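Below you'll find the structure, written out as structure tokens, and then a few comments.
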Amino acid sequence: MDRPSWAPAEVDLDRPSVARVYDYYLGGSHNFAADRAFGEQVLSAMPAVATLARSNRAFLRRSVRELARQGIRQFLDLGSGIPTVGNVHEVITDAGIGDASVVYVDHDPVAVAHSRAILADTPGTAVVSGDLRDPAGVLAQQKVQDLIDFSRPVAFLLVAVLHFVPDELRPADIVAGYAAAGAPGSHIVLSHAGLDRPLTPAEEDAYQMYRKSPTPLILRSKEQVTALLGDLTLLEPGVVATHAWRPDGDEEPPADGNSIGSAAVARKD
């Protein structure tokens, strides 16, 4: 296929990317045929995956609004993905807050390239290419240091990303690495795919597709998600279904009532 003008030269058009597949689920336009083909395979087995993607995006908006109401003005969006409607800085702007700083971090070159193009003239924002699994490396980047004052509270956003981090890479240590860098009053915002019941046959089919993909998916129960947050203090209502975290009208409950993901916000005291 012809390479779109917006696609960096180093991007393999024939290899699906979780960031671009997620963009496809959300109805975005920055994805390739390989991403759409993989997404359609998953959706044919389990159409609820698209609902989960939208639910994660809505949770991101609600949690950012809530933390902004509490006075948080610094946001580090880790694994931020392809730019789409409802990015963190847009949520903050819509809330009437003009003094916030937002840094977007991703290792997908399409996500980084588009974020930089979109945010080039947006004050208080920066985009860095980095691997969220390396907190020290991300936090040491100059743009992060320039925009984030770690002597003040920071919101570290890990929305729909840690389910791509296997246990052997110690995801709890990744969370702890970011939390340790934040001042008291900092928060971790986390959502994660998983279930507290056996998979249905359709869910098992979709799960196996991701297990065989370049970025395998790891499902974790609410108990396991809670453990990722260590000794941080959970905000009410705790670890709950993604659509059930402080609903305010933009959430989308699953059609069958069975959530396939959980979410939480936790504070460093």
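Please report Rg over Rh for segment 42-138, where both radii come from the alpha carbon positions and Rh follows the Kirkwood definition.
Result for segment 42-138 is an Rg/Rh of 1.00.
Out of the DSSP beta bridges found with both residues in the chain, what percent are antiparallel (nearest 5)? Walk me through the numbers before you get to the answer.
Numbers: 11 of 29 bridges.
Antiparallel bridges: around 40 percent, rounded to the nearest 5.
Roughly what % of Cα-Cα distances in segment 8-47 sit above 12 Å, to the whole percent?
Tail of P(r) above 12 Å: 53 percent of Cα pairs.
Would you mind giving the average projected area, over all directions, of the Cα convex hull of segment 98-153 in nm² with one decimal? Write out the running numbers ahead of the final one.
Values: hull surface 16.6 nm².
Taking a quarter of the hull surface, the average projection is 4.1 nm².
At 0.36 nm per residue, minus the direct Cα-Cα distance, what do Asp173 and Ser29 gain on full extension? Give it in nm, one decimal, please.
Working: separation 144, 0.36 × 144 = 51.84 nm, distance 3.44 nm.
48.4 nm is the gain from fully extending Asp173 to Ser29.
Given the DSSP H assignment, sum -39500 (n - 2.57) over each helix run of at least 4 residues in the chain and divide by its residue total; what's the result at 222 nm in deg cm²/dmol, nearest 500?
After summing the helix terms and dividing by residue count, I get -11000 deg cm²/dmol.
Heavy-atom accessible area per residue, the chain, 1.4 Å probe: how many Å²?
Per residue, the chain has an accessible area of 44 Å².
Where the accessible area of segment 46-95 is counted over protein heavy atoms with a 1.4 Å probe, how much of it, in %, is carbon and sulfur?
Values: 810 of 1600 Å².
Carbon and sulfur together cover 51 percent of it.
May I ask what percent, to the nearest 5, of DSSP beta bridges between residues of segment 152-269 are antiparallel?
Numbers: 11 of 16 bridges.
Of all bridge pairs located within segment 152-269, approximately 70 percent are antiparallel.
Please report Rg (one decimal) and Dmax (integer) in Å for the Cα set of the chain.
17.5, 52
Working from the pairwise distances between different alpha carbons, so that the mean of 1/r is found and then inverted, what is segment 195-269's Kirkwood radius in Å? The partial results should precede the final answer.
On the way: mean 1/r = 0.0715 Å⁻¹.
In segment 195-269 this quantity evaluates to 14.0 Å.
When the accessible area of segment 162-266 is computed with all protein chains present and a 1.4 Å probe, what percentage of it is carbon and sulfur?
Working: 2540 of 4700 Å².
The C+S portion of the solvent-accessible surface of segment 162-266 is 54 percent.
Bin by bin, in steps of 10 Å, what percent of the Cα pairs in segment 130-269 do you find, going until the bin that has the longest distance?
11, 39, 33, 15, 2
Count neighbours as other Cβ atoms within 10 Å of each site's Cβ, and list the trypsin sites (Lys or Arg not before Pro) in segment 166-251 that are DSSP loop with at most 12 such neighbours. Write out the running numbers ahead of the final one.
Working: sites: Arg211, Lys212, Arg220, Lys222; in loops: Lys212, Arg220.
Qualifying residues, ordered by number: Lys212.
Relative contact order for the chain: what is it in percent, counting Cα pairs under 8 Å that are at least 6 residues apart? Intermediate values should be presented prior to the final figure.
Working: 486 pairs, mean separation 52.3, N = 269.
Relative contact order of the chain: 19 percent.
The values are calculated or read from the model by the stated rules, or taken from the named source; none is laboratory data. As the structure is a computational prediction, the values presented were derived from the model and not from experiment. Virtual Cβ from ideal backbone geometry, glycine too; neighbours counted across all protein chains shown. With ligands, DNA and RNA removed, areas are computed over all heavy atoms of the protein, side chains included. Shrake-Rupley method; radii C 1.70, N 1.55, O 1.52, S 1.80 Å.
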